[in-house]
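Here's the structure we're looking at; comments come further down.
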Amino acid sequence: MVRELESQLGCRLFHRTTRAVELTEAGRRFLPVATQIVESLEAAATELGALDRLNGSRLNIGVTPMMATSLLPLVLTRFRAVMPDVEIGVADAAPADLRELVECGDIDAGFGAFFTRVSGLDREPVFTSRIQVVQPRGAEVLKGGTIRWSDLAGQAVVTVTEASPVQQLVEAQLTKLTIAPKSRLVVNQLETVIAFAEAGLGIGIIPSFAGAACRRYAVSIANLGPAVEFQFQRIVRAGHPSSPALTAFSELFAAVAEELDSSGARGTPPAVAGGG
């Protein structure tokens, strides 16, 4: 392909040896032109894809791994029932990765815990979640419908890493109340926290939206008081109108999340608020 391009341009773009390939003077002059052409083609492809999705024929969304395994199957089933002609694509990734996918236009919207405002992105609350604990059913170390944060002092706990925005809220609350667990197992995925808690390896600390995944395990869930609540959000590129398909998907996402959320009664004033 390079030789064909050189033939069309009537000059050599590269000096080729057995050890190296280097740009010629003509190649150096042509490089910015070629770069601009490639970027223009990529931008056009992105815009055409966005136009196709805006017209309602395709929708690309991104969710966090926990949502992908526990909530998204039901959302997609309901969405296909009401909009069978819309082709949908799914990306399951961490919140930081979802932000990048939205920024570059690879997905139309990302759903997750996005507490930091980013220029060029609009955030919209989808539903409210709260911090909870999960323990092996029938062998709970701490008992009660609501457990105090202070009860975690001196206990073995299982958490996700502080790369998680939700875990950052947990750490802020532990620091604020000067609570030090006896030991801690740190993992990357919320479902691993639940599995380890079921095995009795520690008291799992999870967001209530993970309640749907908890149903696959022999565990019990309890609220932590005082309540630490936060907004689970949707992010989209600023200035891009929501298509009917995205609006319908977002509404179904919120409805299913409320059904499967395990946080129980609302109305307790939160001790920490995130995502505002």
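The values are calculated or read from the model by the stated rules, or taken from the named source; none is laboratory data. All values reported here derive from a predicted model rather than from experimental measurement. Here Cβ is always computed from backbone atoms with ideal geometry, including for glycine, and neighbour counts include all displayed protein chains. The area values use the complete protein model at the heavy-atom level, side chains included, leaving out ligands, DNA and RNA. Shrake-Rupley method; radii C 1.70, N 1.55, O 1.52, S 1.80 Å.
From 141, 157, 134, which residue is part of a loop (DSSP other than H, G, I, E, B), β-branched (Val, Ile, Thr) and surrounded by 14 or more Cβ atoms within 10 Å (Cβ to Cβ)? Unique residue meeting the criteria: 141. Within region 144-154, the set of residues being open to solvent by less than 20 Å² (accessible area, probe 1.4 Å), assigned to a helix (DSSP H, G or I) and farther than 26 Å from residue 233 by Cα comprises just one member, 152.
From the list 199, 255, 163, the one residue that fits, being open to solvent by 10 Å² or more (accessible area, probe 1.4 Å) and over 21 Å from residue 68 (Cβ atoms), is 199.
The residue that is surrounded by the most Cβ atoms within 10 Å (Cβ to Cβ), among those in region 78-128 that are more than 14 Å from the chain's Cα centre (by Cα), part of a loop (DSSP other than H, G, I, E, B) and not aliphatic (A, V, I, L, M), is 105. Among all residue pairs at least 6 apart or on different chains, which show Cβ distances below 7 Å where the first residue, located in region 239-251, is within 19 Å of residue 120 (Cα to Cα) and the second is surrounded by fewer than 18 Cβ atoms within 10 Å (Cβ to Cβ) and of a type outside the set (Phe, Trp, Tyr)? The qualifying pairs are 243/56. In region 64-75, the residues that are assigned to a helix (DSSP H, G or I) reach residues that are among the hydrophobic types (A, V, I, L, M, F, W, C) and open to solvent by less than 20 Å² (accessible area, probe 1.4 Å) with C-beta atoms within less than 6 angstrom, at least six apart or across chains, in these pairs: 66/210; 70/212; 70/213; 72/63; 74/256; 75/253; 75/256.
Among the numbered conditions (1) touching a helix residue (DSSP H, G or I) at 6+ places or on another chain (Cβ under 8 Å); (2) of a type outside the set (Ser, Thr, Tyr); (3) crowded, with 18+ Cβ neighbours inside 10 Å, the only one that residue 72 does not meet is (1).
Pairing residues of region 131-146 that are on the phi < 0 side of the Ramachandran plot with residues that are assigned to a loop (DSSP other than H, G, I, E, B) and among the β-branched types (Val, Ile, Thr), at Cβ distances under 8 Å and at least 6 apart in sequence or on separate chains, gives 135/141.
The residue of region 160-169 that is nearest to the chain's Cα centre (by Cα), among those that are assigned to a helix (DSSP H, G or I) and among the hydrophobic types (A, V, I, L, M, F, W, C), is 166. Could you go through region 33-53 and let me know if any residue there is at pLDDT below 95 and at positive phi. No - not one qualifying residue is present in region 33-53. The set of residues in region 165-210 that are free of Cβ contacts under 8 Å to residues at least 60 places away in the same chain and either hydroxyl-bearing (Ser, Thr, Tyr) or within 15 Å of residue 129 (Cα to Cα) (or both) comprises 167, 168, 170, 175, 178, 183, 192. Applying the criterion of at least 2 residues that are modelled with pLDDT under 90 to the helices (runs of 4 or more DSSP H) found wholly in region 187-276 leaves 211-214, 244-260.
All of (1) open to solvent by 30 Å² or more (accessible area, probe 1.4 Å); (2) in a strand (DSSP E or B) hold for residue 178 with one exception: (2).
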